[in-house]
């Protein structure tokens, strides 16, 4: 049993896909520093007849999956905030929508702009949770989460 969130991101058109310079400001807005994207090639669709000059063709999902552990169940029963539940889920190894989407950017499937567009509301919450978790030196990630 689990909780799933999903967003659809547009896929870069394979017919006009071209490498572009790293969009540093957007990457910073997502919380990524230059060391986080070293060696990553970023792409954008230039726009062509195939994609009606949009640069995108189709969509794919990005997901956030939370197995309902006993700790998550207890928080839900206590009517804890979504932020508290998300914090515990992240401590247990959950990949966030943004993290899952970042893998799609690294794979050249979508753009940083698209990831920021669909996860903008999550960025500030995740940043504060991540900072809080970094302060906790005894933090242990449990669970089996992968892309």
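The values are calculated or read from the model by the stated rules, or taken from the named source; none is laboratory data. Predicted model, so just to flag it, every value in this text is computed and none were measured. All Cβ positions, even for glycine, are placed from backbone atoms using ideal geometry, and neighbour counts span all protein chains on display.
Quick notes on this one:
- Some residue of segment 36-52 being at pLDDT below 90, touching a helix residue (DSSP H, G or I) at 6+ places or on another chain (Cβ under 9 Å), part of a loop (DSSP other than H, G, I, E, B) and surrounded by fewer than 18 Cβ atoms within 10 Å (Cβ to Cβ): no
- Selection from segment 21-35 of residues that are more than 19 Å from residue 119 (Cα to Cα) and touching a helix residue (DSSP H, G or I) at 6+ places or on another chain (Cβ under 9 Å): 34
- Sole residue being modelled with pLDDT under 65, touching a helix residue (DSSP H, G or I) at 6+ places or on another chain (Cβ under 8 Å) and closer than 24 Å to residue 9 by Cα, chosen from 97, 125, 115: 125
- Within the set 18, 83, the sole residue that is touching a helix residue (DSSP H, G or I) at 6+ places or on another chain (Cβ under 9 Å) and exposed (fewer than 14 other Cβ atoms within 10 Å of the Cβ) turns out to be 83.
- Assessment of segment 55-67 against the conditions (out of contact with any helix residue (DSSP H, G or I) (no Cβ under 7 Å at 6 or more places or on another chain), free of Cβ contacts under 8 Å to residues at least 12 places away in the same chain and surrounded by fewer than 21 Cβ atoms within 10 Å (Cβ to Cβ)) yields no matching residue.
- One residue stands out in segment 89-108 among those that are in a loop (DSSP other than H, G, I, E, B) and in contact with a strand residue (DSSP E or B) (Cβ under 6 Å, 6 or more places away or on another chain): the one that is nearest to residue 17 (Cα to Cα), namely 108.
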